[in-house]
Each structure stands twice: as structure tokens, then as C-alpha cells.
Amino acid sequence: MDDVKPVTNPLAVHVTSKNLMKLLREGIRYLIEGSKGALVGVLFSTHQDADLSRLFFVKVFEFTASSYSHKKNVLEFLDQLCSFYEQKYILACSAVAESTGEFIEKVYELAEANGLSSKPYKYFLTEFFDEKVRKHLNKAGLPPSVLNVVSGYGPTVGAALASHMDADKIGCL
């Protein structure tokens, strides 16, 4: 209990709000600039039926803050992640927004560029994606044994599945 410190700058961020995302980035930059003793607390909000890109953003941010807060470039990674998310998912209209796969690939790229291993992200995001797909399929009434979910890099996994002689049909998300 001795290492618990009060949050000095609480932020509540709705992941569809351009202004609140900018405020989040300002908080991150405040920490990057070397504010001594400042602790930024973030509370994310989104709709329960939010699209996967919004859910992925929140989960990646939470995972990074809880797993890598001690790493040197974690704040730079979070700032770049917020910038990417803001440009591709908030400022772009839904039809233009990048796919979830591209979002995930960008997370891996930013992690490696900032000295954070992408391997934990790959495991975490694959598990999270698979869980979300299973929940949606169960809501639709599809029995668990009817469909198998295979996660991975689209072109690689898609080519392997499409060329496999035992695969009758495949679909991609």
C-alpha cells in the first residue's frame, strides 16, 4: 500500500471524441516533457457495441499502460498510437477508416519502433479478437462447433487456408 500514489491529472476520454483524444495526447506529452510527480489517470468510455477498432485502441492502451509503464519509450508509443488512431479512425469517415488488421499491424510496428516487443501484443490482440468473434457468433445462435476462428496476418493465413484441400469455405473479417 506504500507505493500507491494519487492521480494528479484524471482524464475521461470517449474514444469517438476528437477533442478528448487531443486532450489525452496533451496529457501524454505533458508526461513526456518530464513533469516530475505527475500521474495521469485515464478512464475510457465507448458504446458497448463499438466497432473493433475502438475496442482494440482501448485494450492496447490499457495493456501498454499496465504492462510497459516502466519502459523507456512507452509514452512515445502511446502518443504515436493516439495520433494514428485519431487520424485513421476519428477524423476519417467510417467508409474510409482503415481495417482492424491494419490497426493491429500498426500497433506491432509502433511497438518495435519504440523498443517494445510486439510479441505480447500479438498474443494479447489475437486472444481479444477471437473472444469478440466468438461472442458475436454465440449471440447469433451459431453453435461453437460449426465455425473455427483462425487469427493471423491476412495474406499469409488466407493463402494457407484457401490452398488447403480440406477447407470447404473460408471467410475473412
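We did not get these values from a lab; they are worked out from the coordinates using the rules stated. Because the structure is predicted, anything quoted here is derived from the model rather than measured. Note that each Cβ is placed from the backbone with ideal geometry, even for glycine, and that neighbours are counted across all protein chains shown.
Below 28 Å, Cα to Cα, which lysines can K71 reach? Residues fewer than 8 away in the same chain don't count.
Reachable lysines: K5, K18, K22, K36, K59, K88, K106, K119, K122.
At a 10 angstrom cut-off on C-beta neighbours, averaged per residue, how do the peptides 155-162, 68-75 rank from highest to lowest?
68-75, 155-162
Once amide H atoms are placed 1.01 Å from N in the peptide plane, what residues at a sequence separation of 5 or more from A12, or on another chain, have their amide H within under 5 Å of its amide H?
L43
Using a cut-off of 15 Å between beta-carbons, work out the net charge of the residues near M21 (Lys and Arg +1, Asp and Glu -1, M21 not included).
Summing Lys/Arg as +1 and Asp/Glu as -1 gives +3.
If neighbour count is taken as other Cβ atoms inside 10 Å, put D79, D51 in order from fewest to most.
D51, D79
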